[in-house]
């Protein structure tokens, strides 16, 4: 567990900001130390290398974002389908501020490090897949309730698909320098999920209530 206010935590928080803003390769140890307000000696007291910090940052990202999503209001919906849609709506709602503030640390790192740095890739995979797993049970229950438990796709594959769409949406947001395209991508994902579970309502969803 990271002690609040420790040099280690400051470095991890600095990585959250710098890597999302400028990428992993472009972020130096000196920049991390400067942003964290710690010495280089403190850095190497806690981490053997920048790669070592990246793995720790991915793990810390999982802890921080896991707590954030665990407290989100969509969990209060009694219907698992509504929880799934609520999750996606929540993801859209938090597309706030500059692009670097709402994009994903592990998604950013794994794009650069997946081949050259296996340990970073594995840590990022664990973070993204672990987040998907928390959505998986709601999807599974929604499949049962909708009578599609024997579909040719699985709750896990759909949970991972949501992450694929979100990570792709973040890339487009970076390319377009704004959240609008990411929000539109999530809207498309909501329509797709609705089509899978509630096909009878999809015309109204697509047409926005127009007949």
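The values are calculated or read from the model by the stated rules, or taken from the named source; none is laboratory data. None of the values given here were measured: they were computed from a predicted structure. Neighbour counts run over all protein chains shown; Cβ positions are idealised from the backbone, glycine included.
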Can you name the residue in segment 75-97 that is part of a loop (DSSP other than H, G, I, E, B) and touching a residue at least 60 places away in the same chain (Cβ under 8 Å) and is also farthest from residue 142 (Cα to Cα) among such residues? 96
Count, please, the residues in segment 23-56 that happen to be touching a residue at least 40 places away in the same chain (Cβ under 8 Å) and either over 22 Å from residue 126 (Cα atoms) or assigned to a helix (DSSP H, G or I) (or both). 5
For residue 153, all conditions in the list (1) within 20 Å of residue 128 (Cβ to Cβ); (2) in a helix (DSSP H, G or I) hold save one; what is the number of the exception? (2)
Among the residues of segment 75-114, write down those that are at pLDDT below 95 and surrounded by 19 or more Cβ atoms within 10 Å (Cβ to Cβ). 113
Test for residue 166: is it over 21 Å from residue 199 (Cα atoms) and either crowded, with 18+ Cβ neighbours inside 10 Å or touching a residue at least 24 places away in the same chain (Cβ under 8 Å) (or both): yes
Please pick out the residue among 173, 119, 183, 142 that is in contact (Cβ under 8 Å) with a residue 24 or more places away in the chain and exposed (fewer than 14 other Cβ atoms within 10 Å of the Cβ). 119
With the condition kept exactly as written, say whether any residue in segment 57-74 is without any contact (Cβ under 8 Å) to a residue 40 or more places away in the chain, farther than 20 Å from residue 133 by Cβ, touching a helix residue (DSSP H, G or I) at 6+ places or on another chain (Cβ under 6 Å) and surrounded by 15 or more Cβ atoms within 10 Å (Cβ to Cβ). no
Only one of these conditions is not met by residue 152: (1) closer than 21 Å to residue 59 by Cβ; (2) more than 16 Å from the chain's Cα centre (by Cα). Which number is it? (1)
